[in-house]
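What follows is a single structure, written as C-alpha cells, with notes after it.
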Amino acid sequence: MLNPTAASRLMAGFVFLTLVTAAAAADWAALHGRVLDPSGAAVPGAAVTLTAREDQTGRAAFTNISGEFRFDSIPPGEYLLAVRAADLASPPPLSLSLAAGEPRTLDLRLELARVATHVQVTAAGVAESVEQVAKALDVIDRTELDRRAEYSLAEAVRLVPGLRLHQVGGPGSLARILSRGLRPWDTSVLIDGVRLRDTAAPQGDATGFIADVPIVNSSRIEVLRGSGSSLYGTNAGGGVINVVTDSGGGPLRGDVSAEGGGLGMARGLARLAGGVLDDRLRYSAGVSHLNVTRGVDGDDVYRNSALQGAVAATLAPSTTLTARLFASDSFAGLNNSPEAAAAANLPASGIVPAIPNRTFIPALNDPDSRRSSLFLSTLVALHQRLSPKASWRAAYHNLTTTRDNWDGPAGPGLFEPAFPSAGRFDGRTDTAQARADLQLAPAHLLAGGYEFERESYDNLNTDLNPDPTRRLRARLEIAQRSHAFWVQDQVRLAGDRLQVSLSGRTQGFGLDAPRFTGASPLYLGAPLAAPPRAWTGDVALAWFLPASGTKLRAHAGNGYRAPSLYERFGATFFFGSFSALGDPRLAPERLASFDAGIDQYLARSRVRLRATWFYTKLRETIAFDFASITPATDPFGRFGGYRNTGGGLARGFELSLEANPVRTLTLNSSYTYTNSDDRISTVREGTLKSFRIFDHMFTAAVTQRIGRRVDLTFDLLAAGDYLFPFFTAQGARAFRFNGPLKADLAAAYTHPIGERVSLKLFTRIENLFNTERYEDGFPTPGAWAVIGLKTSF
C-alpha cells in the first residue's frame, strides 16, 4: 500500500532524477504579442491563456493598455493559445510549437461575435480545442458560472444536454447525475482528471458527495457524454464530469464575495491567483463557506466549508512539478423518506399518479437525523519532456472520504431507533500513475500508461444504548487493489480533415480478506482468487468539411464498472449480527455505447447547431436480488444480495443550439429525448421504463449584456414526467411524478474603481415561477433569492 510518506519519498526521487537529467537544458521559449479588435485597435485587459498539450498545465497573461501580452521562461513544446475579452468574441484556440531560444511574436485578432470556443483536456487526456473533439463534449467556463451565479457542481451541470440532475431537496441534499438514461454510478466525477468516488458507497461512486462539491476555484467544468472507461477506468461507462482547477499564473488577481437571502442561505468566497519568478512558479487558491439555516421545511440545515488550490513549478525548461488540492467538509440535517399512502387511496391497477398527501406522504422533518461528510483529494504530478517528441509524467493521488450518519428516536417514522445510533463510512484510495507520450509525426501522437490503485472501506456502527453492556460497536474493514494498463493512438489524416482516436484499457483486481469485529465474521470460506479482468476499447472519428463549416463525428466504446467493496464483501448489521450481502466472485459491469452526430457552423460561426444520436446497451450489471438468492443454495448463506445479471437499454438523441448573433447577446438551447428501459420489471405494473428518467427535456439560457456594466442571464429547465417506485401493501408500485419547470434569473451590475479594482452587485432568483415539485416524494424549494457583493482586483 502506498502511504503519504512513501509517496513523498518517491516523488522526491523523481524530482532529483529529473533535475539531474534536465541540468543540460539551458534555453527557454518565449511568446510575445498583441490582442486586437476587428478594426485593428489594441484591446487592453484581455485574458490570454497558454495551455501545454501534454501535461495540461496553463499560464495566464493580461494585455496592457497597448494590448500587449508576454510569456517568458516557457518550456519548449506544443501549446494551445486562447484569448478572451469582454464584449468581443474569441477566435478558436491557436496551435503553437515553441522552440528553445527562439522567441515568438504574433498578434491575435478578436471578432465581434461568434459562438464560444474553449480548450478542453477530458476527451483525449491532452489539451485540445472543442472544435477538434470527435466526442460529445460541453464546457462550462468560469465566465458562464459567474454570470449564472452558480454555487455548486450539481446546479452548474443541470443545463447540459443529456444530463439529468436529480436532487431531493434544497442546497446540500442528496444529488444524482444520470447521463443519457443510465444510472448515477455510470458517470464518473473527476477533479483535475483523477477520480472522485466514495469507496465506502454501495456502488463505489461519487453520488454521496456530488452535493458537497461547491464552485470554489474551478476554471471550468468539462462534461463528456459517452464511454470514457478506456481513459478514466471504472464508473466512466456513461460519461465523465471533470472539474478543472484554475492553474494560476500571470499578475496577482483575486476576488472576495458575500451573498445571502432565501432558505436562510449565506455564502462567502475568496480567490487568489498569480505567478512569480517570471511565472516559473504559478499558484491559485480559493476558499468558501456556505451556511443554510432553514432550507425547504425550515429545519433543513446545511453547512459546507471548502478549499481548492493548485501550485505549478517549472523546475527546468523540460520539467514541471504540480500539486492540486480540493477539500470539502459538510454537515446536513436529514428528513424521513417519503412513503406510499394507505392502499385505499391508491388505484387498484396501473401507474399511480403522485399526488402529495393523497397517494404518497412527502418527506417529513426528522429533528435528530443528520449527516456529516468530508472528502480530501490531493494530487502531485511530475512532467518531463525528454525531447521535442517524447515526454513522461508520474503522479500520485490520495483521496480520503468520510460519511457519518446519525439518527435518534425523535423522528416521525415507524422504524426510528430506540436510542441514538450512528454509522460511519470511511473510504480511502491511493493511486499511482505513470504515462508516456510519443509524437511519432506532426499529426500522430501515441500515449500509454500504467495505474496502480489500492482502495479501502471501513464501516463502524455504534449506538448509545443506556445499558453499557449492550452497546453496539461493530466494524467491517475491506480492501482491494488493482493494476491497469492503457494505450491511446491519435492521428490526423487527409490534411487534418480526418481525426482518428483509438484507445484501450485492461484492469485486473486482487482482493484482501475482510475483517469483522464486534460480531461473528462472514465470508470465512470465500474464494479470494482474482476476479475477472475488465477490458475496454474506444474509437472516435471526426471528419471536418471546412468549406461548409461542418463536422461529422462518431464515437463507439465499451465501458465497465468494477464491483465495489460493498458489493464484494458488504454486510448489514441487524439484531446483533452481520448478514452477508456481497459476493467476492462478482465480475465487472460491462456496457457498450455508440453515438454519432453532426456539428454545423452557420453565419460566420455565430451559430452552431449540434445533433447527436446515442445508443447504450448494459451487457452485464450487478443487481440486488431478493428472489433467487437463498441460504439453501448460496455459498455465503445469504437471504438476498448482489449478483451479476443482464442489463437494460438506453437510446435517444440530443439537439442543441448556440448563438451569438450580436456581441452583447448569447443564446443556448437544447432538447434531449431519452428512451431508457430495464431488462426486468421490479414493480407490479410490469413496466420496464427506467426510474427517474425523463423522456423529454428542454433547456434554454439567454445572456444579455446592457452597456458595459449590466449582465442579465435567464435559464430554463422543463422536462416530462418520470416514474419512481414505492413499496405498498400490494408490493412495489410505480408512481408518476411531474417533471421540473424551473426558471432562474441572475443579474449583475459592475462598477469599476480605478484601473484594476471593480465592485459587482449581483442577485440570483431561483425557481422564478414558484412551481411546486417533488423529487421521489421529497419537496424541492419554491421561489427564493439571494443578493451579494463581489470585489475583484
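Quick rundown of the values:
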| item | result |
| --- | --- |
| Some residue of segment 452-461 being closer than 30 Å to ASP300 by Cβ, hydrophobic (A, V, I, L, M, F, W, C), open to solvent by 40 Å² or more (accessible area, probe 1.4 Å) and assigned to a strand (DSSP E or B) | no |
| Residue list for segment 683-698, filter: part of a loop (DSSP other than H, G, I, E, B), open to solvent by 40 Å² or more (accessible area, probe 1.4 Å) and not hydrophobic (A, V, I, L, M, F, W, C) | ARG684, GLU685, GLY686, ARG692, ASP695 |
| Residue list for segment 468-479, restricted to those being open to solvent by 60 Å² or more (accessible area, probe 1.4 Å) and more than 17 Å from GLY423 (Cβ to Cβ) | PRO468, THR469, ARG470 |
| Number of positions in segment 236-248 that are in contact with a Phe, Trp or Tyr (Cβ under 8 Å, 6 or more places away or on another chain) and within 20 Å of LEU145 (Cβ to Cβ) | 4 |
| Filter result (basic (Lys, Arg), under 16 Å from PRO92 (Cβ atoms) and not in a loop (DSSP other than H, G, I, E, B)) within segment 590-609 | ARG608 |
| Residue within segment 95-116 that is crowded, with 20+ Cβ neighbours inside 10 Å and in contact with a His (Cβ under 9 Å, 6 or more places away or on another chain) present | no |
| Close pairs (9 angstrom Cβ cut-off, 6 or more residues apart or separate chains): open to solvent by less than 50 Å² (accessible area, probe 1.4 Å) in segment 285-297, part of a loop (DSSP other than H, G, I, E, B) and of a type in the set (S, T, N, Q) anywhere | ALA285/ASN217; GLY286/ASN217; SER288/ASN217; GLY295/SER173; VAL296/SER173; VAL296/THR780 |
| Residues located in segment 701-731, provided they are aliphatic (A, V, I, L, M), open to solvent by 20 Å² or more (accessible area, probe 1.4 Å) and over 17 Å from TYR774 (Cα atoms) | VAL702, ILE706, VAL710, LEU712, LEU716, ALA729 |
| Matching option when the condition is more than 20 Å from GLY641 (Cβ to Cβ), surrounded by 22 or more Cβ atoms within 10 Å (Cβ to Cβ), in contact with a Lys or Arg (Cβ under 9 Å, 6 or more places away or on another chain) and charged (D, E, K, R), among ASP595, ASP583 | ASP595 |
| Output for segment 652-682, where each listed residue is of a type in the set (D, E, K, R), open to solvent by 40 Å² or more (accessible area, probe 1.4 Å) and touching a Ser or Thr at 6+ places or on another chain (Cβ under 7 Å) | ASP677, ASP678 |
| Any hit, segment 661-671, residues being outside any strand (DSSP E or B) and basic (Lys, Arg) | yes |
| All positions within segment 343-370 that are touching a Phe, Trp or Tyr at 6+ places or on another chain (Cβ under 8 Å) and open to solvent by less than 60 Å² (accessible area, probe 1.4 Å) | ILE351, VAL352, ALA354, PRO356, THR359, PHE360, PRO362, ALA363, ASP368, SER369 |
| Residue under evaluation GLY408, criteria (1) in contact (Cβ under 8 Å) with a residue 40 or more places away in the chain; (2) under 29 Å from ARG197 (Cβ atoms), criterion not met | (2) |
| Filter result (out of contact with any Pro (no Cβ under 7 Å at 6 or more places or on another chain) and among the hydrophobic types (A, V, I, L, M, F, W, C)) within segment 613-635 | TRP613, PHE614, LEU618, ALA623, PHE624, PHE626, ALA627, ILE629, ALA632 |
| Selected residue [in contact with a Gly (Cβ under 9 Å, 6 or more places away or on another chain) and closer than 30 Å to LEU31 by Cα] from ARG220, ARG271 | ARG271 |
| Residue within segment 766-779 that is closer than 30 Å to ARG358 by Cβ, touching a helix residue (DSSP H, G or I) at 6+ places or on another chain (Cβ under 7 Å) and either open to solvent by less than 20 Å² (accessible area, probe 1.4 Å) or not basic (Lys, Arg) (or both) present | no |
| All strands (runs of 3 or more DSSP E) inside segment 92-203 with 3 or more residues being touching a Ser or Thr at 6+ places or on another chain (Cβ under 6 Å) | 175-179 |
| Test result for ALA316, of a type in the set (A, V, I, L, M, F, W, C) and modelled with pLDDT under 95 | yes |
| Among (1) of a type in the set (A, V, I, L, M); (2) out of contact with any strand residue (DSSP E or B) (no Cβ under 6 Å at 6 or more places or on another chain); (3) under 20 Å from ARG533 (Cα atoms), the one test that ILE478 misses | (2) |
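Table: residues versus (1) touching an Asp or Glu at 6+ places or on another chain (Cβ under 8 Å); (2) of a type outside the set (A, V, I, L, M); (3) in a strand (DSSP E or B); (4) surrounded by 21 or more Cβ atoms within 10 Å (Cβ to Cβ).
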position: ALA312; (1), (2), (3), (4): no, no, yes, yes
position: THR320; (1), (2), (3), (4): yes, yes, yes, yes
position: GLY333; (1), (2), (3), (4): yes, yes, yes, yes
position: SER337; (1), (2), (3), (4): no, yes, no, no
position: SER372; (1), (2), (3), (4): yes, yes, yes, no
position: PHE375; (1), (2), (3), (4): yes, yes, yes, yes
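For every residue, the table says whether it meets (1) over 22 Å from GLU222 (Cα atoms); (2) among the polar types (S, T, N, Q).
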residue: SER73; (1), (2): yes, yes
residue: GLU78; (1), (2): no, no
residue: ALA85; (1), (2): no, no
residue: ALA89; (1), (2): no, no
residue: ALA113; (1), (2): yes, no
residue: VAL139; (1), (2): no, no
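The values are calculated or read from the model by the stated rules, or taken from the named source; none is laboratory data. Values in this document were obtained by computation on a predicted structure and should not be read as measured data. Every residue, glycine among them, receives a Cβ derived from its backbone with ideal geometry; neighbour counts consider all protein chains shown. Ligands, DNA and RNA are stripped out before the accessible areas are found, and what is left, the full protein with its side chains, is counted by its heavy atoms. Shrake-Rupley method; radii C 1.70, N 1.55, O 1.52, S 1.80 Å.
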